[in-house]
Structures are given as structure tokens and as C-alpha cells.
Amino acid sequence: MKKLIYLLFVLPLFFSCGGPSACDCADWFGHEDNPSNIDYSPEEYNDGTMDDDVENFIEFTRDCALKYGNLSEFEKEMVKGATNTAQMGIYKFQENAKKECK
């Protein structure tokens, strides 16, 4: 019985707390992890640091779009398969996140 209560009430709370905040998504382009805001050295271009940062930022953008984009099921699937930020309806989620940012 305790396991059932845990699964029904505690587990969903754990997963719903994660993800980027509304304020992080509202300031999407100015976010400190945006690779376009980082001045990379030549070594960082060559060692994959920038590539890793780009992948992380795409994942951050995906999380913002899914959380604040109010997307249809079709749009969610498109965002999940997106390989760059331009494919994610940035302005839609950004405006919604701005409304929720306090």
C-alpha cells in the first residue's frame, strides 16, 4: 500500500519540479548557456567544447518549448525531433514563459 501511495503522489511531484524555469525560458536568447553568448577559444572550437554546449543548449530550448509552448501533440513530436533551435517555435514558448516569470 505504501508503494502505491508513493507511486501515485510522490513520484509525479518529483518529475514535475524539474526543467527550466519560466524566467530562464523567457530570457532564452540572453541565457548564459547560449553558445552565441560565449567567446570560445580556438582550442574550444577544436576539442568539442562548443559542440557539447550547442547540444546542451538545444536540449534546454527543447525543454522550454515542451514546458511553455502550449503545443499540440504534433508540435511536441516536431520539437522532440528538432536538430536546431529554429525548428522549435521559440517565440511561442518565450512569450508564454514571460507571462509566467515573476
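Could you please tell me which pairs satisfy a Cβ distance under 7 Å, a separation of 6+ or placement on different chains, a first residue in the stretch 63-90 that is touching a residue at least 40 places away in the same chain (Cβ under 8 Å), and a second residue that is small (Gly, Ala, Ser)?
Once the first residue is touching a residue at least 40 places away in the same chain (Cβ under 8 Å) and sits in the stretch 63-90, its partners that are small (Gly, Ala, Ser) give Asp63/Gly19; Cys64/Ala97; Lys67/Gly19; Tyr68/Ala22; Tyr68/Ala97.
Within the stretch 28-51, track down each residue that is among the charged types (D, E, K, R) and in contact (Cβ under 8 Å) with a residue 24 or more places away in the chain.
First, pick out the residues of the stretch 28-51 that are among the charged types (D, E, K, R): 32-33, 39, 43-44, 47, 51.
Matches in the stretch 28-51: Asp33 only.
So that you can scan it fast, the table gives a plain yes or no per residue for (1) closer than 12 Å to Pro20 by Cβ; (2) out of contact with any helix residue (DSSP H, G or I) (no Cβ under 9 Å at 6 or more places or on another chain):
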{"site": "Asp33", "(1), (2)": "yes, no"}
{"site": "Tyr40", "(1), (2)": "no, no"}
{"site": "Val54", "(1), (2)": "no, no"}
{"site": "Glu73", "(1), (2)": "no, yes"}
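Check Gly48, Gly69 and return the single one that is within 11 Å of the chain's Cα centre (by Cα) and of a type in the set (Gly, Ala, Ser). Break it down stepwise before answering.
On the way: Gly48 fails: within 11 Å of the chain's Cα centre (by Cα).
It is Gly69.
Readers should treat all values here as calculations from the given coordinates under stated rules, not as data from a laboratory. Here the structure is a predicted model, which means the values were calculated and not measured. Counting neighbours? That spans all protein chains shown, and the Cβs are built from the backbone with ideal geometry, glycine included.
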